[in-house]
1. To the nearest 500 deg cm²/dmol, what mean residue ellipticity at 222 nm is calculated for the chain from DSSP H runs of n ≥ 4 alone, each contributing -39,500 (n - 2.57), summed and divided by the residues?
2. Considering only the other residues whose Cβ falls under 13 Å of the Cβ of PRO372, what net charge follows from Lys and Arg at +1 and Asp and Glu at -1?
3. Count the DSSP beta bridges whose two residues both fall in segment 4-241, then state the antiparallel fraction as a percent rounded to the nearest 5.
4. Return the lysines within reach of LYS152: Cα separation strictly under 28 angstrom, same-chain partners fewer than 8 residues apart disregarded; answer none if there are no such residues.
5. Please work out which option in [x] 63, 54, 39; [y] 62, 44, 38; [z] 59, 54, 44 gives Cα extents along the principal axes in Å calculated from these coordinates, and answer with its label.
6. Setting aside same-chain residues fewer than 8 positions from LYS209, which lysines have a Cα under 29 Å from its Cα?
7. Within a Cβ distance under 13 Å of ASP210, other residues only, what is the Lys/Arg minus Asp/Glu net charge?
8. So which lysines can LYS400 reach, going by Cα to Cα under 16 Å and dropping same-chain residues fewer than 8 places off?
Amino acid sequence: MHRVVITGQGTINALGVSVSQTLEAFREGRCGIGELDIRDVDRLSIRIGGQVRDYDPQAKFNRQQISLYDRYTQFSLIAAQEAIAQSGLRFSGELAAQAGVVLGTAGGGMNTQDENYRAVYEEGKNRVHPFVVPKLMNNAAASHVSMEYNLKGPSFTVATACASSNHAMGQAFQLIRSGMSKVMVTGGAESMLCFGGVKAWEGLRVMSKDACRPFSANRNGMVQGEGAAIFVFEDYEHAKARGADILAEVIGFAMTSDAADIVMPSKQGAARAIAGAMRDAKINKSEVRYINAHGTGTAANDKTECAAVADVFGPHADNLMISSTKSMHGHVIGGTGAIELLACVMAVKDGIIAPTINYEEPDPECALDVVPNEAREAKVPVALSNAFAFGGMNAVLALKSI
């Protein structure tokens, strides 16, 4: 099997418009969640989110491109540009045929849907733009990234709710490890912070009106965010031969299904995914030092995840650091795992652990080291990234320093 490494990363999210800005926010424990600036916000009961502030698409794209790119596609292209530039790769000839793109998203072109439903049902229009379908489809971002960078290998989109990015990156990892591809551009994006997107999530009654407080006893729900993170996964020998700067190695991946409930998480399903990722990576429990938790800030998720970690790691669970960066950038739904992988790369590469901010009260059912409120320096040989989605879709990635 081929080894797989990360040679580029890019992002735009509520914490920053680049990787450097995002990592600085992680180190500082800075919160990107604030009051929403969207149309009809006064009709919402939830009015906060991890929104990308002061974003001007006209500064990034021309008029024709904007007519084709939903906001989530724009975020994907911005993040991909940063990641591919860092990798130093150019895709032509044989490499183009051996390179592809796998992205995750749950909502796809949600802003486009919201705008056009409004036009038809509220404003009474009888026609919509001819590009509405290609703009809102879930594979739009992956397709546009492939076209922009001449990626002619396997290219597709994964939609598994909040685990979409981890599933996408896991597929990219497996494509390279199997020898099918040399390079995969992978990650995820989401932009649900429009009236329809927030209103739908309000109906679930799992949203906080003031802050995201994962693992804190006084937590009162999740907070939505938006953005994208994209990585360049590359065959290790290919990267080494060209003298690439390697950020981290992807060493394991596992995915499971709870097969139990559409919204309530299962400890057993999560535990099997965590254990499976370590088994796939051929590592011992003692080698894992940090876990970037799914950590949504809902009681059901936080308690179930902590119980799964405790079951899998046994006494070693007390030696783990486990934090949720959703407390800073919000829950980016299908794109969230990709943004969180940035924190895992930072942990194994730089030895800096992003904190769980807004932590106020210990919860005896979440009695792990959740790195409360302040970042920490520590040597991290191996980090895990957890994603546990509605529908019982679980996906866990394992990274190591190199």
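1. Working: 14 runs with 138 residues, N = 402.
Mean residue ellipticity at 222 nm (helix-derived): -10000 deg cm²/dmol.
2. Numbers: positive: ARG213, ARG219, ARG376; negative: GLU360, GLU361, ASP363, ASP369, GLU374.
Here the charged neighbours net out to -2.
3. Details: 20 of 32 bridges.
So the antiparallel bridges in segment 4-241 amount to around 60 percent.
4. Here the lysines satisfying the reach criterion relative to LYS152 are LYS60, LYS135, LYS182, LYS240.
5. [x]
6. Reachable lysines: LYS199, LYS267, LYS303, LYS326.
7. Details: positive: ARG47, LYS209, ARG213, ARG219; negative: GLU35, GLU360.
Taking every other residue near ASP210 into account, the sum is +2.
8. Of all the lysines, those that pass the test against LYS400 - Cα under 16 Å, at least 8 places apart if same chain - are LYS282, LYS285, LYS349, LYS379.
None of the figures in this text is laboratory data; all of them are computed from the coordinates on show. What you are looking at is a predicted structure, and each value in this text was computed from that prediction instead of being measured. Cβ: placed from backbone, ideal geometry, glycine included. Neighbour counts: every protein chain shown.
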